[in-house]
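Right, one structure below, let's go through it.
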Amino acid sequence: MYTYRIYKALGASAVFKGIAGRFIWWLGIVFVLLLLLFALLYLLGVALWICIMLVTVIGTGCFLLVSQLSKKYGEDGWMKQCCQKQIPKKIKGFYFL
C-alpha cells in the first residue's frame, strides 16, 4: 500500500517575493517593456550609462509600486475594488402603464 503526501499549497496562487497573483504578470510585462526601451535607446545612439540609469530608475519605481499595490490589495483585492465601483447604488425601476 502506497501513501502519498498531499501538497497543501496546490490550490494556492503563485507568490514571488511577496507579490501575488496578477501582479506577477504585471511585473513581467513591465520588465519586458523595459528591455525593449533599453534596446530602442541603445539603437538610437543614447549613451550606454544613460540607458542603464534610466531603465534602472524606471524598473525600481515600477517594482516598488507593484509590490506596494500587492501588499495593499492582495491577490484579488484591486479587482474587487474596481468592480465595487461599478455596482449601482440604486436600481431605478421603470413602470409602463
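Just give me the residues in segment 22-42 being among the β-branched types (V, I, T), without any contact (Cβ under 8 Å) to a residue 12 or more places away in the chain and in contact with a Cys (Cβ under 6 Å, 6 or more places away or on another chain), in sequence order.
Listed by number, the list is empty, since nothing qualifies.
I'd like the residue in segment 1-25 that is part of a helix (DSSP H, G or I) and at pLDDT below 70 and, out of all such residues, is farthest from C62 (Cα to Cα).
K8
With the structure loaded, tell me whether L43 is more than 23 Å from A20 (Cα to Cα) and modelled with pLDDT of 80 or more or whether it fails that test.
yes
The values are calculated or read from the model by the stated rules, or taken from the named source; none is laboratory data. Because the structure is a prediction, the values reported are computed rather than measured. Cβ sites come from the backbone with ideal geometry, for glycine too, and all protein chains shown count toward neighbours.
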